[in-house]
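Since the structure comes first, as structure tokens, the remarks are kept for the end.
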Amino acid sequence: MSGRLAWRRLLLLLSWLVLQHYSLGCRAVEDAEAEIRQPYLVPLQVQSCFPCHGPRGQSGSSAIPSLAGLPREYLRKVMRAYRHGGRFGTVMGRLAAAYEEADLIVMADYFSGQPIKAQKQTTEWRLVDLGRRLHRYYCRDCHGDPEQSAKPGVPHLHGRWMDYLRWTLWDYLVGINQGDEEMATQLTALMRRHGAKGVEALLHYYGKGKP
Ligand code: HEC
Ligand code: HEC
């Protein structure tokens, strides 16, 4: 084979490789975009959640929680709690009542399978430091961090919207949310020793995103 021909072949092979790689990379992005552009790819029940909870459950509003990556059992339990009144919701109580158990399974399957994206938020480093210590003492056993995995079915807190977590935490503290009994004990102990500043420190630590 002449040198020239070999060159041509190499060039051809290289361009084929580049094209192949490029189109594969694009395809992954396109899959995600297609889901948003072509809504019929997402189950109908799930689409009704997007206007508030964001496309694929990634909420752009600090008052509304992202659903992406929350544990499947937790999502189902919470929807049932909204329906039966064990959890306070400004809108979710009425909304959850409109769905059947089978719909809840479809929604929980979809959202638990979506990737978690940490929200960018402004935090105060002194509070983040205190929050980290408090988290390790009071909350880590169940909610986990990079050194210790969360208990199955317990929602993650790092990278979540601080506003939403603040309201939800206070709903647990005043007792209109009935969650885990052991968590209620830990929250009471935290309040007794550290007061509202302790709660705020935890929120800044979670809001920072990276544990
Ligand atoms: C009108 C806006 C709106 C729509 C539509 C909506 N949600 Fe919500 N959702 C909220 C708000 C606001 C909250 C916070 C609780 C509250 O105030 O009701 C919430 C909270 C939740 C939570 C609690 C998350 C957590 O971290 O504990 C779940 C689960 C949830 N919604 C599921 C759904 C599902 C599934 C759908 C689709 C059927 C849906 N929501 C549709 C506004 C909405
Ligand atoms: C014994 C285990 C346990 C401990 C300890 C614990 N939690 Fe929880 N936490 C849970 C469980 C289980 C849930 C889901 C409860 C429900 O169904 O409402 C939860 C839910 C939450 C939620 C609601 C999240 C959401 O998506 O709405 C917040 C906020 C929270 N915990 C904060 C804390 C903080 C802060 C601490 C430490 C002071 C703590 N938890 C300690 C088990 C625990």
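Out of all the residues in region 124-145, which are small (G, A, S) and within 16 Å of ligand 1 (Cβ to nearest atom)?
If we filter region 124-145 for residues that are small (G, A, S), which is where we start, we get 131, 144.
Passing the criteria: only G144.
Has region 98-110 got any residue that is within 13 Å of ligand 2 (Cβ to nearest atom) and at pLDDT below 95?
no
Of the residues in region 60-112, how many are buried (at least 18 other Cβ atoms within 10 Å of the Cβ) and closer than 16 Å to P43 by Cα?
Counting residues in region 60-112 that are buried (at least 18 other Cβ atoms within 10 Å of the Cβ) and closer than 16 Å to P43 by Cα gives 8.
Report every pair of residues separated by at least 6 positions or lying on different chains whose Cβ atoms are under 9 Å apart, first residue within region 132-157 and closer than 22 Å to G195 by Cβ and of a type in the set (D, E, K, R), second at pLDDT below 95 and within 15 Å of ligand 1 (Cβ to nearest atom).
Pairs found: R140/A150.
Could you check region 169-186 and list, in sequence order, the residues that are assigned to a helix (DSSP H, G or I) and either touching an Asp or Glu at 6+ places or on another chain (Cβ under 8 Å) or in contact (Cβ under 8 Å) with a residue 40 or more places away in the chain (or both)? Spell out how you get there, then give the answer.
Quick first cut of region 169-186, residues assigned to a helix (DSSP H, G or I) only: 169-173, 181-186.
Answer for region 169-186, where residues must be assigned to a helix (DSSP H, G or I) and either touching an Asp or Glu at 6+ places or on another chain (Cβ under 8 Å) or in contact (Cβ under 8 Å) with a residue 40 or more places away in the chain (or both): D171, E182, M183, Q186.
Restricting region 114-148 to residues that are within 16 Å of the chain's Cα centre (by Cα) and of a type in the set (G, A, S), which is surrounded by the fewest Cβ atoms within 10 Å (Cβ to Cβ)?
Out of the qualifying residues, it is A118.
Please indicate, with yes or no, whether at least one residue in region 121-134 is within 8 Å of ligand 2 (Cβ to nearest atom) and modelled with pLDDT of 95 or more. If you could, list the steps in order and put the result at the bottom.
Narrowing region 121-134 to residues within 8 Å of ligand 2 (Cβ to nearest atom): 134.
Then keep just the ones that are modelled with pLDDT of 95 or more; that gives 134.
Among the residues of region 121-134, at least one is within 8 Å of ligand 2 (Cβ to nearest atom) and modelled with pLDDT of 95 or more, which makes the answer yes.
Are any of the residues in region 163-185 more than 20 Å from R80 (Cα to Cα) and surrounded by 18 or more Cβ atoms within 10 Å (Cβ to Cβ)?
Among the residues of region 163-185, not one is more than 20 Å from R80 (Cα to Cα) and surrounded by 18 or more Cβ atoms within 10 Å (Cβ to Cβ), which makes the answer no.
Can you say whether S59 is touching a Gly at 6+ places or on another chain (Cβ under 8 Å) and in a loop (DSSP other than H, G, I, E, B), as far as the supplied structure shows? Reasoning before the result, please.
Numbers: touching a Gly at 6+ places or on another chain (Cβ under 8 Å): no; in a loop (DSSP other than H, G, I, E, B): yes.
Spelling it out, it is not the case that S59 is touching a Gly at 6+ places or on another chain (Cβ under 8 Å) and in a loop (DSSP other than H, G, I, E, B).
For residues that are among the hydrophobic types (A, V, I, L, M, F, W, C) and closer than 24 Å to K120 by Cβ, scanning just region 186-211, find the one that is surrounded by the fewest Cβ atoms within 10 Å (Cβ to Cβ).
Narrowing region 186-211 to residues among the hydrophobic types (A, V, I, L, M, F, W, C): 187, 189-191, 196, 199, 201-203.
With the extra rule that they be closer than 24 Å to K120 by Cβ, the set shrinks to 199, 201-203.
Working: V199: 19, A201: 23, L202: 28, L203: 23.
Top of the filtered list is V199.
The values are calculated or read from the model by the stated rules, or taken from the named source; none is laboratory data. Owing to the predicted nature of the structure, the values given are computational and were not obtained by experimental measurement. Virtual Cβ from ideal backbone geometry, glycine too; neighbours counted across all protein chains shown.
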